[in-house]
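Here is the structure we will look at.
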Amino acid sequence: MIEEDIQHRSLLSRVSGGDETAFAELYDLLAGRAYSLALYVVKDAQSAEDVVQDAFVSIWRMAGSFDPRRGSVKGWVLTVVRNRGVDHLRRLSARPRATVDIGTIDVGGSPEAVWEEVVRSVDSELVQDALCSLPAEQRQVIDIAYFRGLSQQEIAAELSLPLGTVKGRMRLALSKLRTSLGGADGSDVR
Amino acid sequence: MTEAAHVLFEEMATAYAVGALSIADQPAFEEHLAGCDDCRTLISQLSAVASELPLSVPPVQPPARLRNRVIAAVHDEASQATVAHRDSRRFMPSTARLAVAASFVLALATAGALVVWGLSLSDDVASRDGLLARSYESLSIMASADTRWEVQGTDAVPGAHGIVAYDEQTGSASLVMWGLDEDPSLRYNVWVQENGERSRVSRLYVADGGFWAVVRRDVRSLEGFGVTRIAADGGAVVVLETSAISY
């Protein structure tokens with residue numbers, strides 16, 4: 001992961017100087033995750049493409065403002081994608097389905113494609129395992145909050161739960177994730 | 001901090017980290033955050049955890065055409081920025097006025113005393129991203145900008161004036177204005193004009209008698225940008241209107 005981030009930071013540094021070749025390299029490394037995330041959030045392939053394009057153009061503009069003290073390049077890029085995706089949902093004033101049906105999407109290409117090597121990595125398994133270890137009701141509130149952008153009040157209304165219950169579940173969930181991912185001391189979340 | 005207060009804050013911090021803190025709670029939370037080292041550490045940890053959540057999403061292959069679209073869009077951005085930089089007519093504000101602008105942004109960033117209006121719209125990006133972070137961004141742009149110019153309010157607000165700073169490296173502009181009506185029933189929308197159409201890009205926030213916004217666009221390459229004041233009854237008045245010609 002450290003080597004990966006060093007590579008990303010090197011590319012991002014060149015991007016901040018206007019290097020379009022470095023931007024293309026960074027896109028190739030992160031597009032798989034970015035598109036997967038965008039599709040998961042907006043549930044529509046065309047909208048996901050728009051979100052990814054908007055996000056990467058923003059990254060081109062904002063490359064110089066990246067602060068390495070606040071996390072990895074990959075985390076930063078995916079946060080931008082997530083935020084653009086949630087913005088898209090809000091503009092539509094539409095609420096997506098709770099889960100995306102991957103089986104309905106034509107993924108094309110071969111499983112050996114480069115993008116998949118990039119996407120399938122140890123860290124994703126760690127995060128998936130950590131999420132799966134949570135009680136379903138805790139996982140649900142985190143999923144709705146992060147991937148759909150609903151506030152605690154909106155989640156409480158949608159799930160017909162007391163606000164305090166939603167707050168408690170969210171707090172416990174993130175606390176457990178922090179422990180599972182090894183970030184209790186704040187030094188590293190993995 | 002008492003145990004009850006700790007739990008309350010952790011609930012708010014958790015919501016903040018995953019973008020689920022209610023808009024109404026954000027200003028007070030960010031004000032507290034600005035003055036509490038322990039809380040900033042906690043937010044840092046929780047935000048790091050939240051940033052891992054996208055890794056749990058099932059992988060889907062992006063279409064090849066998307067790469068072409070993104071690369072072309074960025075190439076267009078790069079080309080436009082170069083042209084705009086070459087052709088822009090720069091007007092440097094006086095050192096004194098620039099210092100006032102920088103001091104203002106610094107004050108609002110360090111104090112965290114953000115009085116925010118009109119946060120009821122759920123699609124306001126700034127409110128979700130965190131106003132405090134944006135105020136720091138505004139300060140950074142003001143400090144490192146390579147192009148700055150002064151702006152004047154429209155005839156509707158003849159006493160209004162301000163400074164725009166654009167930072168090529170970040171691709172963002174910082175707008176600071178004074179002399180606008182601070183009536184809390186009013187809100188101010190920042191818009192940009194392209195192809196003859198105006199689209200809202202941000203709110204104009206108020207703190208310590210001044211107004212500020214970050215516009216993540218190359219404002220020099222647009223047809224224009226400005227600010228519209230919206231009254232409680234929906235009445236709209238343009239209070240700042242500028243075009244590429246003016247700078």
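In peptide A:21-32, what is the residue-averaged number of other protein chain Cβ atoms found within 10 Å of each Cβ?
Mean number of neighbouring Cβ atoms from other chains: 2.
Once a ≥ b ≥ c are taken as the square roots of the eigenvalues of the Cα gyration tensor of the stretch B:160-243, is the result rounded (a/c under 1.5), prolate (a/b larger than b/c) or oblate (a/b not larger than b/c)? Walk me through the numbers before you get to the answer.
On the way: a/c = 2.18, a/b = 1.35, b/c = 1.62.
Verdict is oblate for the stretch B:160-243.
How many partner chain Cβ atoms sit within 10 Å of a residue's Cβ in peptide B:171-179, on average, as a whole number? Don't skip to the answer; put the middle values down first.
Working: counts 10, 5, 0, 0, 0, 0, 0, 0, 0.
Average per residue, whole number: 2.
Going Cα to Cα from residue A:176, which lysines come in below 18 Å? Please leave out same-chain ones fewer than 8 positions away.
Reachable lysines: A:167.
Residues of the stretch A:33-74 with backbone nitrogen within less than 19 Å of a virtual label 7 Å along the Cα-to-Cβ line of residue B:76, please, listed as ranges.
Under cut-off, by backbone N: A:46-62.
May I ask you to order B:217-227, B:167-177, A:134-144 by the average number of other C-beta atoms within 10 Å around their residues, highest value first?
Answer by packing, highest mean first, reads B:167-177, B:217-227, A:134-144.
Considering the zone a paramagnetic label at residue A:136 would reach in this model (a point 7 Å from Cα along the Cα-to-Cβ line), which residues of the stretch A:146-171 have amide N under 18 Å from it?
Answer for this model: A:159-161, A:166, A:169-170.
Leaving out same-chain residues fewer than 8 places away, which lysines sit with a Cα under 24 Å from that of residue A:43?
Within the straight-line limit of under 24 Å, residue A:43 reaches these lysines: A:74.
Going by the alpha-carbon gyration tensor, a ≥ b ≥ c the square roots of its eigenvalues, is the stretch A:1-46 rounded (a/c under 1.5) or, if a/c is not under 1.5, prolate (a/b greater than b/c) versus oblate?
It comes out oblate by the Cα gyration axes.
At residue B:22 and residue B:236, where each label point lies 7 Å from the Cα along Cα→Cβ, what is the point-to-point distance in nanometres?
Each label point is offset 7 Å from its Cα along the Cβ direction, giving 2.9 nm.
What's the FRET efficiency of residue B:182 with residue B:44 using the Cβ-Cβ distance as r and R₀ = 22 Å, to the nearest 0.05?
Rounded to the nearest 0.05, the efficiency is 0.05.
Suppose R0 equals 35 Å. What FRET efficiency, 1/(1 + (r/R0)^6) with r the Cβ-Cβ distance, do residue B:144 and residue A:20 give to the nearest 0.05? Kindly include the intermediate steps, with their values, before the conclusion.
Working: r = 22 Å, r/R0 = 0.64.
That gives a FRET efficiency of 0.95.
For residue B:240, enumerate residues with amide H under 5 Å from its amide H, sequence gap 5+ or separate chain, H modeled in the peptide plane.
Hits under the 5 Å cutoff: B:154, B:227.
Would you calculate the volume per residue, in Å³, of the smallest convex hull containing every Cα atom of the stretch A:1-78?
84
Find the sum over both chains of the accessible area lost when B and A are paired, probe 1.4 Å, and report it in Å² to the nearest 100.
Counting both chains, the buried surface is close to 5700 Å².
Note down the net charge around residue B:15, summing +1 for each Lys or Arg and -1 for each Asp or Glu among other residues with Cβ under 10 Å from its Cβ. Write out the running numbers ahead of the final one.
Numbers: positive: A:167, A:171; negative: B:10, B:11, B:25.
Every neighbour counted, the sum reads -1.
The values are calculated or read from the model by the stated rules, or taken from the named source; none is laboratory data. No experiment lies behind these values; they were computed from the predicted model shown. Here the Cβ is made from the backbone with ideal geometry for all residues, glycine too, and neighbour counts use every protein chain on show. Just the protein is used for accessible areas: all its heavy atoms, side chains included, with ligands, DNA and RNA removed. Shrake-Rupley method; radii C 1.70, N 1.55, O 1.52, S 1.80 Å.
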